[in-house]
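Working notes, structure below.
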Amino acid sequence: MAFEIDIGFASLAGRKPVNEDFCAAMLPERGQDSLGSILAIADGVSTGGMGKEAAQTTVTSLVRDYYGTPPTWDTTVALDRVISAQNTWLCGINQRRSPALGLTTLTALVLQGHTWTLAHVGDTRAYLFRDGVITQLSHDHVVRHPDFSHQLLRSIGAEDHVVVDYSQGELQVGDVFVLASDGVHGTLSAQQLQDLLGLEAVQDTCQRLVDAALIQGATDNLTAMVARVVALQDMNLQDVADRSQTLPVPSKLKVGDILDGLRVIRIVADSGINIVYQVTDSEGLHAYALKTLHPARAHDAQERAMLVHEGWLARHVQTGRAGQHLVAVHDHPPSSAQRSALYLLYDWHEGETLQQGLDRGVRSSPTQVIDAMQQALKVLGYLHRQGVVHRDVKPANLHLGHDGSLRLLDLGVALSGKEPEAMRRLHAGTPSYVNPEQWGYSAAGGVANDELPTAQSDLYALGVTLYQLLTGRLPYGEVLPHQTGRFFRDPPAPSRTNPQVPIWLDHIALKAVARDRRQRFETAEEMLLALERGASRPISAPLPSSLIQRDPSAVWKLALALSVIFNLMLVYWLLFLPK
């Protein structure tokens, strides 16, 4: 359910000729409910003469651009990116003029899930009225001196880097939030504000606040925004994670068992960490994939958090244009509004993974492989634009349905920026598909520190998949568990194993798995474009790696061999040649 919020505002110039305050609120469009609702208020600084414009552009850009950020970003990250961009733009204008023309304060509030998030710069204020008590949420950034009571320490547009205060808290039904400029809160005390917050319509409350401040002698512009929470939104990731700690993990199910009206048809996979079942609804009309923890992991808080993160991420990425290449996840069983245990419920699609085809010895034609790769690149490009790194791209996680759609499976170890800390540190992924940088190999040769996976890591793994589908082999050989990847040779061109592979596709496959990441594709869109152009505009093959790049210890091996030969010759000379 989307938020149900009553929002009102009132703004007066007061005794000043120009109103330099500005406020705005925006509700999410359809499909963006997870981003919540945003309110913002700004008080322009009149010294430079463009305080009004600074306040208007800052608030307008914030409330609009916030909904352009990926839903996988943390709320504070999204706010910080937008506010920083506006500050940089405004500061660039001000640096060309002296004194600065446009400065402004800013207080923004996001109501999302069961959480509120506040961003604050300057001396506008935010209050929370709950259970009859008003609490100030923001801290004024002003000089504490009688002669400089309105001297701002921070403002938008004053410096290249602005420090924003962030705070978060839990939402409750009935909460009332008040955003006010200093013309209101500088005139009315907290007790007066509290007394004026009645049960009438919020628009009437806003008007009462500014009228009361004006009557009491306010000399500045007066603006007040009030938002009353009538109903809460569906829970966000943190809310779901907290609730999941109380849900039991189901015991291992057998064929025919029923859980929340879902009947088990078969056990699909059991990794010792997760179990996947194929289930149907009570009528047997719709099939689903039910994923839960193994009972042995029932008390592992980190594994619970990882499963919750997977479900949250799957819900947030399935609404995009590439949603047809992902598997939809359901919030609750079809026969119940709630679930009695901890599990994820995905749609079931008939077909098989590309790995199952390889295991059966099926060799796809280059045309079929190209089509599969193009579909995979579309969904990877979408995920990467949302700030998501899959981390486990491989044939076993690419499912080709009977409808012809290729779907990317298993977001269990994906990085979104909101994953548990232990999951971020985990060296995840299937070893044979992990790029050299994660094994500690530097691009210029030698060994470096292990790097965290990036979008390029997914593209390398897809390149390995492409090479494997074309040749039936892995480009650098299989890496068994607990082994380290080795990259001591350049892989041969796929056409040497499979003559059906055209030369232009050879070049794409070799570029995708190049040992030096500087030679690989940088984005999914770049690789997709190369496949779409094909022979009409072929790319060049990557340059072969030098011996030093492939084996950084080669110099030392050669030096050791020469040293051994020299010492053997010296021994022979000392023992056998005449003195």
Read through the list (1) without any contact (Cβ under 8 Å) to a residue 24 or more places away in the chain; (2) open to solvent by less than 10 Å² (accessible area, probe 1.4 Å), then give the number of the only condition that Val110 fails. (1)
Residue that is nearest to Ile41 (Cα to Cα), among those in region 217-256 that are modelled with pLDDT of 90 or more and hydroxyl-bearing (Ser, Thr, Tyr): Thr223
List pairs: first residue in region 197-218 and farther than 13 Å from Phe9 by Cβ and in a loop (DSSP other than H, G, I, E, B), second residue of a type outside the set (Val, Ile, Thr) and modelled with pLDDT under 90 anywhere in the structure, Cβ distance under 6 angstrom, at least six positions apart or on different chains. Ala218/Gly14
Kindly indicate which of Val178, Val133 is β-branched (Val, Ile, Thr), in contact (Cβ under 8 Å) with a residue 40 or more places away in the chain, on the phi < 0 side of the Ramachandran plot and out of contact with any strand residue (DSSP E or B) (no Cβ under 6 Å at 6 or more places or on another chain). Val133
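Select from region 271-312 the residues that are acidic (Asp, Glu) and within 23 Å of Met423 (Cβ to Cβ) and write down the one among them that is least open to solvent (accessible area, probe 1.4 Å).
Glu310
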Looking at Arg489, Arg518, which one is in contact (Cβ under 8 Å) with a residue 60 or more places away in the chain and assigned to a loop (DSSP other than H, G, I, E, B)? Arg489
Run Leu342 past the list (1) in a loop (DSSP other than H, G, I, E, B); (2) touching a residue at least 12 places away in the same chain (Cβ under 8 Å); (3) farther than 24 Å from Glu421 by Cβ and report the number of the one that doesn't hold. (3)
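So which of Asp403, Asp371 is part of a helix (DSSP H, G or I) and surrounded by fewer than 19 Cβ atoms within 10 Å (Cβ to Cβ)? Before you say what the answer is, go through the steps one by one.
Working: Asp403 fails: part of a helix (DSSP H, G or I).
Checking each option against the conditions leaves just Asp371.
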Report every pair of residues separated by at least 6 positions or lying on different chains whose Cβ atoms are under 9 Å apart, first residue within region 289-318 and of a type in the set (Ser, Thr, Tyr), second part of a helix (DSSP H, G or I). Thr292/Leu307
So which of Asp211, Asp220, Asp195, Asp182 ends up being surrounded by 12 or more Cβ atoms within 10 Å (Cβ to Cβ) and touching a Gly at 6+ places or on another chain (Cβ under 6 Å)? Asp220
How do the pairs read when you match residues in region 251-270 that are among the small types (Gly, Ala, Ser) with residues anywhere that are part of a loop (DSSP other than H, G, I, E, B), using Cβ under 8 Å and keeping only pairs 6 or more apart or on different chains? Gly261/Asp281; Gly261/Ser282; Gly261/Pro333; Gly261/Pro334; Gly261/Ser335; Gly261/Ser336
Within region 141-164, identify whether any single residue is open to solvent by 10 Å² or more (accessible area, probe 1.4 Å) and assigned to a strand (DSSP E or B), and answer yes or no. yes
Counting only residues that are in contact with a strand residue (DSSP E or B) (Cβ under 7 Å, 6 or more places away or on another chain), in a helix (DSSP H, G or I) and either within 30 Å of Val388 (Cβ to Cβ) or at pLDDT 95 or above (or both), region 68-106 contains a total of 6
Go through (1) in contact (Cβ under 8 Å) with a residue 24 or more places away in the chain; (2) within 17 Å of Thr223 (Cα to Cα); (3) open to solvent by 10 Å² or more (accessible area, probe 1.4 Å) and name the single condition Pro17 misses. (1)
For region 22-48, name all the residues that are open to solvent by 10 Å² or more (accessible area, probe 1.4 Å), among the small types (Gly, Ala, Ser) and touching a Pro at 6+ places or on another chain (Cβ under 9 Å). Ser34, Gly48
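The values are calculated or read from the model by the stated rules, or taken from the named source; none is laboratory data. None of the values given here were measured: they were computed from a predicted structure. Neighbour counts are summed over all protein chains in view; Cβ atoms, including those assigned to glycine, are modelled from backbone coordinates with ideal geometry. The area values use the complete protein model at the heavy-atom level, side chains included, leaving out ligands, DNA and RNA. Shrake-Rupley method; radii C 1.70, N 1.55, O 1.52, S 1.80 Å.
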